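> Input: one structure, supplied below.
The values are calculated or read from the model by the stated rules, or taken from the named source; none is laboratory data. Here the structure is a predicted model, which is why all the values come from computation and not from measurement. Here Cβ is always computed from backbone atoms with ideal geometry, including for glycine, and neighbour counts include all displayed protein chains. Note: accessible area is taken over every heavy atom of the protein model, side chains too, but ligands, DNA and RNA are not part of it. Shrake-Rupley method; radii C 1.70, N 1.55, O 1.52, S 1.80 Å.
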Amino acid sequence: MTSRAQVSLTSGADFWHTRAPQGLPAITLTDGPHGVRKQRTESGYSPESVPATCFPTASALAATWDVELLEEVGVALGIEARAEGVSILLGPGANIKRSALCGRNFEYFSEDPFLSSRMAAAWIRGVQSTGVGASLKHFAVNNQEFRRYSVDALVDARALREIYLASFEHAVIEARPATVMAAYNRVNGTHCAENRWLLTDVLREQWGFDGLVVSDWGAVTRRSRCLAAGLDLEMPGYDGRGDDAVLAAVESGELSPAAVERAADAVTRLIERTASARGAAKRYDVAAHHTLARRAAEAGTVLLKNDDGVLPLAPSARIAVIGEFAKQPRYQGAGSSGINPHRLDDAWTDLTERLGEERLRYAPGYHRGSGRTDAALLDEARAAARDADVAVVFAGLPDSYETEGVDRANLALPDGHDALVAAVAQVCPRVVVVLANGAPVTMPWHDDVAAIVECYLGGQAAGSAISRILTGDAGPGGRLAETFPLRTDDNPVHVWPAGPTVVEYRESLYVGYRYYDAAGLDVRYPFGHGLSYTTFVWSELAIAEVENDDASEQRFDVAVRITNTGDRPASEVVQVYVRDVESTVFRPEQELAGFAKVFLVPGESRRITVQVDRHAFSFWDTTIDDWSIESGEFESRVGAPSRDARASATVRLDSDRSGFDPGPAAYHGSPVFERRAFAELYGKPLPDNVVDAPGHYTVDTPIADIRHPAATLLTAFMRRKVAAMAPTVDEDDPLTLLFQRSLQELPPRMLSMLTQGAVTLDAAQAFVDICNGHGVRGVRALTASLRRA
């Protein structure tokens with residue numbers, strides 16, 4: 001293959017396809033991760049997509065704690081991707097839920113890396129068993145939507161390894177994804193797409209990744225730099241624009257021919273690896289996939305509270321069904337993962353079919369799009385609830401409250417939803433609140449209601465799933481994969497930086513339950529929480545070391561007997577946490593080390609064994625840049641949830657190092673670290689949060705931050721582009737919010753994606769030069785590029 005042909009393979013043909021030099025077939029990549037979002041149009045970005053099964057989002061799938069079910073969902077997704085001629089499905093998202101405020105948390109699994117990586121691995125195994133490739137994303141430390149295109153995440157080495165990279169590591173090593181997607185943001189000063197330490201040293205050399213590294217759409221800074229760092233494929237591509245610059249970099253010695261050859265080989269291998277997915281049958285069992293989606297929704301529904309056994313609903317109860325989500329469900333998040341479902345179940349229709357409409361009374365309660373209510377709607381809701389035995393209020397977050405590209409301001413529900421629950425609780429003593437949301441919410445009415453059901457975003461079958469759970473035809477099978485705090489500001493990351501170029505991860509390891517446990521804070525519901533319609537007895541805890549001649553492969557079997565002592569079949573989740581009893585380095589109070597889900601019929605008893613390996617007891621030792629264990633006693637706690645240890649036992653482990661010296665990692669401080677602690681761990685002083693000052697702009701500076709008259713040229717152009725892409729100007733529409741935020745946060749380098757390559761990186765750099773006071777060449781170059789666009 002010629003050098004030019006090799007270079008051509010390293011960038012896509014358009015928004016969704018690779019190029020096809022010298023007779024190679026082009027392949028299609030498309031959005032996931034909870035459905036196949038294949039566009040009806042072949043180029044550019046469009047929200048219009050072909051029908052597909054909309055499965056529950058990742059936040060709901062993680063709440064199942066069921067790796068076998070995740071793999072089953074992955075198989076269905078792969079089958080649908082094959083039917084649409086898709087070779088790569090862009091998912092799953094394995095980013096850690098550092099803060100409950102991240103607007104894209106519905107696409108991510110958990111605040112815990114052990115659980116997240118196991119869910120991701122199962123999803124990947126399922127998809128790739130069909131011949132379709134997965135794209136594990138967004139690598140790495142992509143934990144906020146605010147300034148996601150350019151923000152620099154400053155993270156200490158231990159938090160990187162033990163939390164943020166750990167969420168990817170197991171999935172990469174065990175499931176071998178076909179591709180890994182490099183994120184937009186920077187990590188400790190370097191863009192992910194040109195971060196050699198991240199893409200080559202860690203991903204390829206340490207983890208043994210042998211697939212292809214693709215950029216997030218528009219994440220490439222300069223392709224030659226990214227290829228040198230370990231990126232293989234720039235997406236989207238612009239059908240050859242930019243190839244000459246890469247070839248020039250090779251000729252000048254800036255980029256090695258070996259790097260180009262490696263990338264081209266990776267694309268070729270990917271085409272070969274996914275060959276079986278092309279030309280596949282175009283049919284699949286739509287009804288069976290809908291049933292699977294419903295099973296997944298039921299398995300991920302978490303019963304948070306159930307006072308006096310108000311659920312399941314009594315057979316003869318008169319029921320008030322209140323809230324527009326009952327008829328027009330909120331079932332998925334907004335943004336690039338939005339699916340056009342084959343069908344959409346709603347709870348009201350399913351309840352009327354099950355119970356008969358004569359037992360039910362409906363009131364809308366609020367306006368669906370905004371969540372706002374008014375006096376008339378509240379009066380109607382009170383009237384419906386006053387005459388009912390039970391009032392079921394469907395509440396949650398409207399689409400505009402959580403969407404890709406926009407973070408949440410707080411954890412509150414819309415005022416109208418909170419007011420509705422409070423008003424109904426005043427007139428009905430038995431209130432059930434059914435929540436539809438992608439992430440934690442606060443509950444000021446918590447003590448005034450009898451039951452709370454967390455449905456998350458349950459996909460196209462969410463309506464029938466919650467109907468079956470309310471009536472007892474199915475049980476709530478979920479356990480929380482994240483902590484629900486009492487208040488927004490209880491979260492260690494509850495304020496997003498306002499206009500910085502960097503974000504400091506000062507909380508280090510203390511993310512999610514690790515923080516709440518260390519700080520001794522009360523929470524609304526702890527990690528792993530979830531009730532059932534039956535009762536279980538736990539007994540006979542035992543921990544035994546598995547015989548193994550290799551000390552590095554040391555493992556322990558943690559066993560416990562679970563008995564269903566109630567009168568309903570149900571599932572239980574056995575959760576195993578480990579704790580270093582006396583550590584000289586700072587460590588969380590406990591960390592998840594294993595789990596197992598078991599389904600038991602009434603009276604059934606089963607002994608469950610969870611295997612915990614030696615790695616679960618280790619920490620990242622910054623003095624040797626590797627995992628390490630201190631000699632001593634370690635406690636294994638078995639329970640559900642994290643704060644309810646049913647039993648515990650201790651084991652002794654010997655260090656894998658002689659003369660152990662923890663070095664600077666032994667800093668003992670508060671859970672939220674001081675700047676000097678970060679400097680010790682990170683190895684250099686922590687910079688201040690600063691906005692780019694006039695005269696110091698770069699191609700990464702958000703256009704909204706550029707204080708120069710020339711910036712109005714870009715702003716006007718972007719408004720025209722956004723107006724062409726956004727289907728509506730409704731302030732409550734999530735796509736409108738996404739595009740409006742993009743106007744504020746897109747840096748000049750992203751103009752290439754908006755213009756399909758017409759505005760080159762050189763033109764964007766020239767524009768920045770003029771804004772920094774270096775002549776007028778930049779405005780002229782940019783104006784010419786915009787005219788071509």
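> If the chain between Asp549 and Lys327 were fully stretched, how many nm would it gain, using 0.36 nm times the residue separation less the Cα-Cα distance? Each step should come with its number before you reach the end.
Numbers: separation 222, 0.36 × 222 = 79.92 nm, distance 6.04 nm.
The Asp549-Lys327 span can extend by a further 73.9 nm.
> Just to verify a number: what accessible area does Arg343 come out at with the full protein assembly present, 1.4 Å probe, Å² rounded to tens?
120
> Hey, can you rank 69-81, 522-534, 581-593 by average C-beta count inside 10 Å, highest first? Working shown, then result.
Working: 69-81: 24.4, 522-534: 20.4, 581-593: 18.3.
Descending packing order for the listed peptides: 69-81, 522-534, 581-593.
> Enumerate the calculated ³J(HN,Hα) couplings along region 277-286 in order (Karplus 6.51 cos²θ - 1.76 cosθ + 1.60, θ = phi - 60°), each rounded to whole Hz, writing x wherever the residue is Gly or Pro.
With the stated coefficients, region 277-286 comes to 7, 8, x, 6, 4, 8, 10, 8, 7, 4 Hz.
> Considering only DSSP beta bridges where both residues belong to the chain, give the percentage that are antiparallel (nearest 5). Before the final figure, lay out each step's value.
Values: 57 of 99 bridges.
Within the chain, antiparallel bridges account for around 60 percent of the total.
> Right, another one. Excluding residues fewer than 8 places away in the same chain, name every one of the aspartates and glutamates whose C-alpha is closer than 12 Å to that of Lys327.
Asp345, Asp346, Asp350
> If all Cα-Cα distances of region 323-468 are sorted into 10 Å bins from 0 onward, what percent lands in each bin, rounded to whole numbers?
12, 43, 36, 9, 0
> Note the full-extension length gain between Ala710 and Asp387 as 0.36 nm times their separation in residues minus their Cα-Cα distance, in nm to one decimal.
Numbers: separation 323, 0.36 × 323 = 116.28 nm, distance 6.42 nm.
Full extension of this stretch gives 109.9 nm more.
> Let me ask something else about it. Can you tell me the relative contact order of the chain? Whole percent, Cα pairs under 8 Å, sequence separation 6 or more. Intermediate results must be reported in sequence, preceding the final value.
Working: 1915 pairs, mean separation 107.5, N = 789.
Computed over the chain, the figure is 14 percent.
> Shifting gears a bit: Working with all protein chains in place, sort His17, His191, His615 by solvent-accessible area computed with a 1.4 Å probe, largest first. Numbers along the way, then the final one.
Working: His17 30, His191 10, His615 90 Å².
Final ranking, largest accessible area leading: His615, His17, His191.
> Between Ala317 and Asp415, what is the label-point separation in nm under the 7 Å Cα-to-beta-carbon projection?
3.1
> While we're on this one: When each pair of different Cα atoms in region 331-412 is counted once in the 1/r mean, what is the Kirkwood radius in angstroms, to one decimal? Let's see the in-between values first.
On the way: mean 1/r = 0.0655 Å⁻¹.
Result for region 331-412, one decimal place: 15.3 Å.
> Okay, moving on. If you rank Arg637, Arg176, Arg125 by how much accessible surface each has, with a 1.4 Å probe, what is the order from largest down? Walk me through the numbers before you get to the answer.
Working: Arg637 40, Arg176 110, Arg125 75 Å².
Output order, biggest surface exposure first: Arg176, Arg125, Arg637.
> Which value at 222 nm does the chain reach when only helices count, each DSSP H run of 4 or more adding -39,500 (n - 2.57), with the total divided by all residues and rounded to the nearest 500 deg cm²/dmol? Spell out each step's value before the answer.
Working: 20 runs with 211 residues, N = 789.
Result for the chain, helices only: -8000 deg cm²/dmol.
> Moving on to the next point. Can you give me the long-range amide H partners of His529? Hydrogens built in the peptide plane at 1.01 Å from N, cutoff under 5 Å, separation of 5 or more residues or another chain.
Long-range HN contacts for His529: Leu480, Ser642.
> Same structure again: Quick one: which of 349-358, 223-232 comes out on top by average Cβ neighbours within 10 Å, and what's the full order, highest first? Can you show the working numbers first?
Details: 349-358: 15.1, 223-232: 25.3.
For the peptides 349-358, 223-232, the packing ranking is 223-232, 349-358.
> Considering only protein heavy atoms and a probe of 1.4 Å, how much of the accessible area of the chain is carbon and sulfur, as a whole percent? Display every interim value, and only then the final one.
Working: 13120 of 27420 Å².
C and S atoms contribute 48 percent here.
> Obtain the nm distance between the two label points defined at Asp567 and Val286 by a simple spin-label model: each point lies 7 Å from its Cα along the Cα-to-C-beta direction.
For Asp567 paired with Val286, the spin-label model returns 4.2 nm.
> How long are the semi-axes of the equivalent ellipsoid of the chain, taking √(5λ) for every eigenvalue λ of the Cα gyration tensor, in whole Å from largest down?
Equivalent-ellipsoid dimensions as semi-axes: 41, 33, 26 Å.
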